[in-house]
Every structure is written in structure tokens, then in C-alpha cells.
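Q: Sharing a structure with you now.
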Amino acid sequence: MRVLSDDQQTTDELPEITDLQIEILSMDKTIMYIDAVVESVLAALPHDQKADSTVRANVEGALRSGKLQAWAWTGYVDKDKPEQLLGFTTTLLRIDEFTRKKYLLIYSVNAYAKISLESWKVMFALVSGWAKDQGVHHIVSYTQNPRMIEVARAIGGLTGWVELYYEIPSEE
């Protein structure tokens with residue numbers, strides 16, 4: 001399986017998928033795919049955090065407890081071949097400490113194929129419908145990936161916010 005991490009700038013070399021399904025995984029299916037889901041989450045993290053065994057254990061624990069929801073995408077790369085697993089998304093339900101509004105954080109998105117904008121719109125409608133059923137007020141995600149910014153704009157998301165991130169140097 002090929003994981004497209006957030007720092008990869010293009011999916012042009014991958015086949016474009018126009019017929020895609022997404023489903024939130026049951027706990028049984030999450031456990032069945034746990035290694036692949038953990039790897040997809042780690043692929044989306046900053047490089048210095050990917051090899052940290054504590055981070056890996058935390059991600060796995062959050063998946064096993066249901067705190068981190070796993071979504072699987074399936075579809076057809078070739079219509080003459082069986083349906084394939086095409087990627088994972090993970091989400092977290094959160095409550096803003098001050099506004100007390102519930103929101104959905106899209107924690108990671110990884111694809112093993114290029115997803116068409118139309119498929120992204122369908123997938124987002126399904127995820128946002130699920131979020132609405134959970135009492136969510138809004139959806140948030142962070143990215144540097146130009147394709148994901150393009151997708152966010154295509155589904156009507158705001159992309160003008162800037163994340164300010166500064167890592168505090170260690171005292172080594």
C-alpha cells in the first residue's frame with residue numbers, strides 16, 4: 001500500500017478515482033485494520049514524531065478506545081478488478097473549552113490514489129452528515145498540502161486561516 005503523507009505535494013502520478021465509498025469503521029474493523037490505520041496517521045505527522053514509540057502507542061490506544069474514529073475509503077482503480085482499499089481518514093470529536101461547541105477534527109487523511117473533486121464532495125457530505133448526527137457545530141482540519149487546500153475550497157471550506165507553529169528547542 002502507498003500512503004500519501006501530508007508533506008507530499010502532488011498525487012499526479014497516482015490514478016484518479018471517481019467512484020469512491022467511505023465508511024466509518026466499526027470497532028471490529030478498526031482492530032482488523034489497526035496497523036494500516038496507525039501507519040496512515042503516523043504518515044501525516046511531522047517527521048520528528050513518526051518514529052516515537054509513545055506516539056504510536058497513543059494513536060493505537062485512541063483507536064482501540066474509540067476516541068479516534070477511523071474511516072476507510074474503498075473504490076475501483078480498474079473497473080475490471082475487485083474493489084480496493086484506497087485510504088483512511090481519522091477524526092476526533094472535540095469540545096471547544098471556551099465556546100463549549102462540539103467540533104470534529106479531521107486528524108489525518110491519507111490516500112493511495114488521487115481522489116476526484118467530485119468524490120471528495122460526496123465523501124465530505126457523508127462525514128459532515130455523520131458529524132451533524134453527533135451534534136457537531138463545525139469541522140476543522142490542518143494541512144500544508146496544496147491538494148487538500150484545493151479540496152477544502154471546492155467543498156466550501158475556509159482556507160484563509162494560518163496556523164502558527166513554533167517548536168520550542170530542547171535543552172540538550
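Q: Report the residue count in the range 93-105 for those that are touching a Phe, Trp or Tyr at 6+ places or on another chain (Cβ under 9 Å), part of a strand (DSSP E or B) and not aliphatic (A, V, I, L, M). Even if it seems obvious, please write down each step before you answer.
A: Pass one, the range 93-105, residues touching a Phe, Trp or Tyr at 6+ places or on another chain (Cβ under 9 Å): 93-96, 104-105.
Next cut, part of a strand (DSSP E or B) only: 93-95, 104-105.
Narrowing the set further to residues that are not aliphatic (A, V, I, L, M) leaves 94.
Matching residues across the range 93-105 total 1.
Q: Then there is this: With the requirement that a residue be within 19 Å of G75 (Cβ to Cβ), part of a loop (DSSP other than H, G, I, E, B) and among the polar types (S, T, N, Q), what does the range 113-171 give you?
A: S116
Q: Would you say S108 is part of a helix (DSSP H, G or I) and polar (S, T, N, Q)? Steps first, please.
A: Working: part of a helix (DSSP H, G or I): no; polar (S, T, N, Q): yes.
The answer is no for S108.
Q: Between residues in the range 72-86 that are over 16 Å from K29 (Cβ atoms) and residues that are surrounded by 15 or more Cβ atoms within 10 Å (Cβ to Cβ) and among the aliphatic types (A, V, I, L, M), which pairs lie under 8 Å by C-beta distance while being six or more apart or on different chains?
A: Filtered contacts from the range 72-86: G75/I17; G75/L20; G75/L86; G75/A113; Y76/I17; V77/I17; V77/L86; V77/A113.
Q: So if I check each of D80, D6, D12, which one is at pLDDT below 95, among the charged types (D, E, K, R), buried (at least 16 other Cβ atoms within 10 Å of the Cβ) and outside any helix (DSSP H, G or I)?
A: Numbers: D80 fails: buried (at least 16 other Cβ atoms within 10 Å of the Cβ); D12 fails: buried (at least 16 other Cβ atoms within 10 Å of the Cβ).
Criteria check complete, one pass: D6.
Q: Something else now. Condition first: part of a helix (DSSP H, G or I), on the phi < 0 side of the Ramachandran plot and either surrounded by fewer than 17 Cβ atoms within 10 Å (Cβ to Cβ) or touching a Cys at 6+ places or on another chain (Cβ under 8 Å) (or both). Can you find one or more residues in the range 64-75 that meet it? If you could, list the steps in order and put the result at the bottom.
A: Of the range 64-75, the ones part of a helix (DSSP H, G or I) are 64-65.
Now restrict to residues that are on the phi < 0 side of the Ramachandran plot: 64-65.
Filter once more, keeping what is either surrounded by fewer than 17 Cβ atoms within 10 Å (Cβ to Cβ) or touching a Cys at 6+ places or on another chain (Cβ under 8 Å) (or both): 64-65.
Scanning the range 64-75, I find at least one residue that is part of a helix (DSSP H, G or I), on the phi < 0 side of the Ramachandran plot and either surrounded by fewer than 17 Cβ atoms within 10 Å (Cβ to Cβ) or touching a Cys at 6+ places or on another chain (Cβ under 8 Å) (or both), so the answer is yes.
The values are calculated or read from the model by the stated rules, or taken from the named source; none is laboratory data. Note that the structure is a prediction, hence the values are computed from the model and not measured. Reconstructed Cβ throughout: ideal geometry from the backbone, glycine too, with neighbour counts over all protein chains shown.
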